[in-house]
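Engineer: One structure, pasted below without further comment.
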Amino acid sequence: MNPKVKDIGEGIREMKIRGAGRIARAAAEALKVFAQNYKGGKDEFREEIKKVRDYLLSTRPTAVSLRNAIYYVLNRMRGESVEEMRESVIQSADEFIRLSLEAVEKIGRFGAERIRDGSTILTHCNSTAALAMIIQAHRDGKDIRVLNTETRPWLQGHITSRTLAKEGIDVTMIVDSAVRYFMRDVDIVIVGADTIASNGAVINKIGTSQIALVAHEARVPFIVAAETYKFSPETVIGRLVEIEERPADEIANPEDFPGVKFRNPVFDATPPEYIDAIITEKGVISPYLAYQIIKEVMHFGAES
Ligand code: RI2
């Protein structure tokens, strides 16, 4: 395996590169790097790129964005010669990355309109798409405050706090278990997504579904910011989304707890009845329209 491809893959596995959108763009970049550096014959090109595909797919299991990015590129691979195949891979990887970044920007603009002046927003984990909405609302001149969870065990909430503070946004970090305590002050919850199933269920960082329940109880709108490549075509045919379970030592040192078992699932599913809207680059939809989006963008996931 090309060492540069391996660097990207291991970066994803070890969460140096993280966030569903970012890992998708990194996977497209890895395929491009493979194509740029390939030196063998044309038959081996197909074989080798499949190995890269399988390697990248093995890095993290839950975010369908990774899978959709890979198939976006591979389904557009054309040509009889190495040069032609190389060019088509480079071109579609660049195209995916560009469309992905444009999608986040559009979500920011569409989503900001949903945030009222004077709002207190609650967010969880670190979602580029959710942050795009919040930052755009602030840049539009809205007076907003943000509560953000620290998000154990990886503490991606720290990235969120720092990003918002840098933007000059009024941000307060809370522990994950303080969400219900603060919900009475919250006007809108905005989170990202790793995968959206065809029934509208949103798979996102562990704890998201608890926040959705609490928001539902308090009648606070719960909004998801997600590019259309976060929708999972495989769920249409009944495939269940695999929930990644990470090592116990992300929670505590197991050696300090003899006789204690640990579980560390890092995503959960929020059912559509707790979700008020999903903001995509194609517009704002009800979670019940997830299947419609999958039908429109099926090319993202289907293998040819
Ligand atoms: P964007 C992240 O997963 C979080 O669950 C976040 O909500 C989601 O990806 C979407 O992030 P992880 O990689 O694509 O931190 O909106 O486990 O950045």
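The values are calculated or read from the model by the stated rules, or taken from the named source; none is laboratory data. Not measured: the values here are computed from a predicted model. Note: ideal-geometry Cβ built from the backbone for every residue, glycine included; neighbour counts use all protein chains shown.
Engineer: In the stretch 8-42, what residues are of a type in the set (Asp, Glu), exposed (fewer than 15 other Cβ atoms within 10 Å of the Cβ) and closer than 17 Å to Arg53 by Cβ?
Structural biologist: Passing the criteria: only Glu10.
Engineer: Oh, and also: Of everything in the stretch 137-186, what is out of contact with any helix residue (DSSP H, G or I) (no Cβ under 7 Å at 6 or more places or on another chain) and of a type in the set (Lys, Arg)? Give them in sequence order.
Structural biologist: Arg139, Lys142, Arg145, Arg162, Lys166, Arg184
Engineer: Kindly list the number of the only condition in (1) within 16 Å of the ligand (Cβ to nearest atom); (2) in contact (Cβ under 8 Å) with a residue 60 or more places away in the chain that fails for Asp176.
Structural biologist: That leaves (2) as the condition not met.
Engineer: Yes or no: Ile17 within 22 Å of Val266 (Cβ to Cβ), of a type outside the set (Phe, Trp, Tyr) and not assigned by TED's automatic domain parsing to the domain that holds Asp187?
Structural biologist: Judged against the criteria, Ile17 is a match.
Engineer: Right, another one. Need at least 2 residues that are crowded, with 22+ Cβ neighbours inside 10 Å and not assigned by TED's automatic domain parsing to the domain that holds Asn75 per element, so show me which strands (runs of 3 or more DSSP E) inside the stretch 187-304 make the cut, counting only ones lying wholly within it.
Structural biologist: Output list reads 188-191, 202-205, 222-225, 267-270, 277-280.
Engineer: Still on this structure, I have one more. Quick one: count up the residues across the stretch 119-162 that are part of a loop (DSSP other than H, G, I, E, B), within 12 Å of the ligand (Cβ to nearest atom) and among the small types (Gly, Ala, Ser).
Structural biologist: Residues that pass the stated criteria total 1.
Engineer: Evaluate the stretch 169-178: report whether one residue or more is assigned to a loop (DSSP other than H, G, I, E, B) and touching a His at 6+ places or on another chain (Cβ under 6 Å).
Structural biologist: So far as the stretch 169-178 goes, yes, one or more of its residues are assigned to a loop (DSSP other than H, G, I, E, B) and touching a His at 6+ places or on another chain (Cβ under 6 Å).
Engineer: Just to be sure before I move on: is Ala225 touching a Gly at 6+ places or on another chain (Cβ under 6 Å) and within 12 Å of the ligand (Cβ to nearest atom) in the structure I sent?
Structural biologist: Yes.
Engineer: Within the stretch 84-91, identify whether any single residue is in a loop (DSSP other than H, G, I, E, B), buried (at least 17 other Cβ atoms within 10 Å of the Cβ) and away from the ligand (no atom under 14 Å from the Cβ), and answer yes or no.
Structural biologist: no
Engineer: Kindly indicate which of Thr160, Thr172, Thr120, Thr149 is buried (at least 22 other Cβ atoms within 10 Å of the Cβ), in the same structural domain as Ile188 (by TED's automatic domain parsing) and either among the charged types (D, E, K, R) or farther than 30 Å from Lys32 by Cα (or both).
Structural biologist: Within the list Thr160, Thr172, Thr120, Thr149, the selection yields Thr149.
Engineer: Something else now. Please give the helices (runs of 4 or more DSSP H) falling wholly within the stretch 1-82 in which 3 or more residues are of a type in the set (Lys, Arg).
Structural biologist: Filter on the stretch 1-82 gives 3-13, 20-37, 42-57.
Engineer: Of the residues that sit in the stretch 243-269 and are touching a Pro at 6+ places or on another chain (Cβ under 9 Å) and within 13 Å of the ligand (Cβ to nearest atom), which one is nearest to His216 (Cα to Cα)?
Structural biologist: Val266
Engineer: If you scan the stretch 16-44, which residues turn out to be modelled with pLDDT under 95 and closer than 22 Å to Gly157 by Cβ?
Structural biologist: none
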